[in-house]
Amino acid sequence: MYVVLWDTHERFVTKEFGAGFGMGAYHGRGGWRGRMIRRWYTRDRRPVTLPFAYMAAIFRQLGHTVEYAVDDLPANADVYVFHPALGTIDQEIAAMRQLRARHPRAHILVTGVVAYAMPQAFAEANVTVVRGEPEQLLWKLDEVLAAGPGIVNVGSVKDLDALPCPDWSPFAPRNFRMNYDFTRFPTALVQSSRGCAFSCNYCPYILVENKVRFREPAAVLEEIQYGRQVHGFRSFKFRDPLFGANRRRLPELIEHLGRLDRKVQFSIETRIDLMPRETLAALRDVGLTSITVGIETPAEDTLRNYRRRPIADDQQAEFIAACRELGIRTAAGFMIGFPEDTPESILAVLRYAKQLNPTYANFNIVTPYPGTEFYTLISGDVGPTGAGGVPWSHYDMYTPVLQYQHLTHEQVHDLHAKCFTSYYTRWPYLFANAHLLWPMLRRLGLGPKRQTASPTPAPAADAPPARRAA
Ligand code: SF4
């Protein structure tokens, strides 16, 4: 069969982020400073979403021909696969309808977390919603095709190592760059685990399963080596929502990464309390260049309200400082625009971000994702049919979409722009982070001296109890 994986580059949505709901780019409000920050955000050439690379490998393993189409509808394919983000759902449904009118006999499959959370949104497009992990097509493709239009529940992959290596070849992988994490390119995405066992009630990563599935470290290394040899990848972004959650596998993975004959750069996303300094140092020594963490807000009550386990302020400060000394970039996520937020509570987030001073502070506007507990709690207010009447295309993490108790949308927009522009245009920011943003400064003897690692990597705890400064 001839299979088309359909995608869109409209609206600069990265489908991989937000657990597959997608993430837009900072809109550039705030004068020249805002435009400069938007330029940073849009200079990457981000890899296509990882499930596409898995699906390309799976369809090829099953003997089919795979093509990648962007904002175009190639004729005569047997199967078209759509993997919509929330911010592009209207465009994708329009493309599905067009396709159905032109090719009534083609199979149109819709995959991904948006399809999982809101399958009814695709009912009128006369398509097959594959509800569950799309990699299940390796075992269930015939069943899905035989089912025809409607919803087919496929479940999730039991053994992640049973999947083939993601196949990046249809997607022009030599162009992939993620500048905020790396200095060497091209960049690939990789996973050593899926899911998370925490229960933050706004989090889309726990929608399909609220537990963690792991891969064997040796299999992960094999995939990295394959990507390096076949596509020339020089950097790898781990897409585990909670990297290092398993105390047995992490030292093993570090050991494997250390055995690579040519070091690769890699980045991870995790919780601060899983990364003691010795683990950071051990990871840095085998190629870690950047860590993404969620700090969200300094307001402990707000975190507890949304069932996020707080981490002590001093532990967060020590973590950012340790990364800075070790030469690891930090990309810290902050959340503003909770329903009960005020100008003061948002400016407190900005002040806290400045105090911590990570390499990148990403101020996200609270976005309720269908299927999450948070969405259910406020569902009367959100979405195109909610009280606010906000279209899905605004669900990009940079646009206010909620009904706020004390603020208008315009105020949240302005405060959000203030957070970005005020954070990045400060001398203390540049002094603390210049050696990380431009690593050649270190070679010129500027910035802190490179710290040496501890000889033995310390294992991270599975899920250490969080503590909070008194
Ligand atoms: S710790 Fe992170 S990945 Fe896990 S539930 Fe909370 S927000 Fe989601």
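Only one entry in Thr292, Thr279 is crowded, with 21+ Cβ neighbours inside 10 Å, in contact (Cβ under 8 Å) with a residue 12 or more places away in the chain, of a type outside the set (D, E, K, R) and not in a strand (DSSP E or B), namely Thr279.
Of all the residues in the stretch 230-251, those that are within 30 Å of Asn210 (Cβ to Cβ), buried (at least 17 other Cβ atoms within 10 Å of the Cβ) and among the charged types (D, E, K, R) number 4.
Within the stretch 336-376, being assigned to a loop (DSSP other than H, G, I, E, B), of a type outside the set (A, V, I, L, M) and in contact with a strand residue (DSSP E or B) (Cβ under 8 Å, 6 or more places away or on another chain) holds for Gly337, Pro358, Thr359. When Tyr205, Tyr226 are checked against the criterion of being in a helix (DSSP H, G or I) and within 16 Å of the ligand (Cβ to nearest atom), Tyr205 stands alone in meeting it. Looking only at the stretch 64-99, which residues are in a loop (DSSP other than H, G, I, E, B), surrounded by fewer than 16 Cβ atoms within 10 Å (Cβ to Cβ) and under 23 Å from the mean Cα position of the chain (by Cα)? Answer for the stretch 64-99, where residues must be in a loop (DSSP other than H, G, I, E, B), surrounded by fewer than 16 Cβ atoms within 10 Å (Cβ to Cβ) and under 23 Å from the mean Cα position of the chain (by Cα): just Asp71. Report yes if some residue within the stretch 263-285 is at pLDDT below 95, more than 16 Å from the ligand (Cβ to nearest atom) and farther than 24 Å from Gly20 by Cβ; otherwise report no. Checking the stretch 263-285: at least one residue is at pLDDT below 95, more than 16 Å from the ligand (Cβ to nearest atom) and farther than 24 Å from Gly20 by Cβ. Here Thr408, Thr367 are screened, and the one residue that is among the polar types (S, T, N, Q) and either assigned by TED's automatic domain parsing to the domain that holds Tyr41 or surrounded by 22 or more Cβ atoms within 10 Å (Cβ to Cβ) (or both) is Thr367.
Note on the stretch 14-63: residues that are closer than 13 Å to His83 by Cβ and not in a helix (DSSP H, G or I) amount to 7. Annotation: Thr302 fulfils all but one of (1) of a type in the set (Val, Ile, Thr); (2) farther than 23 Å from Leu437 by Cα; (3) surrounded by 21 or more Cβ atoms within 10 Å (Cβ to Cβ); the unmet one is (3).
So that you can scan it fast, the table gives a plain yes or no per residue for (1) within 16 Å of Trp139 (Cα to Cα); (2) surrounded by 15 or more Cβ atoms within 10 Å (Cβ to Cβ); (3) more than 16 Å from the ligand (Cβ to nearest atom):
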{"residue": "Lys158", "(1), (2), (3)": "yes, no, yes"}
{"residue": "Cys165", "(1), (2), (3)": "yes, yes, yes"}
{"residue": "Pro170", "(1), (2), (3)": "no, yes, yes"}
{"residue": "Arg177", "(1), (2), (3)": "no, yes, yes"}
{"residue": "Tyr180", "(1), (2), (3)": "no, yes, yes"}
{"residue": "Pro186", "(1), (2), (3)": "no, yes, yes"}
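Residues in the stretch 426-466 that are of a type in the set (D, E, K, R) and more than 17 Å from Ala322 (Cβ to Cβ) were compared, and the one that is modelled with the lowest pLDDT is Asp462. Screening Thr399, Thr385, Thr421 for residues that are assigned to a helix (DSSP H, G or I) and not assigned by TED's automatic domain parsing to the domain that holds Phe12 leaves exactly one candidate, Thr421.
The values are calculated or read from the model by the stated rules, or taken from the named source; none is laboratory data. This structure is a prediction, so every number in the text was calculated from the model and none was measured. No Cβ is skipped: glycine too gets one built from the backbone with ideal geometry, and neighbour counts run over all protein chains shown.
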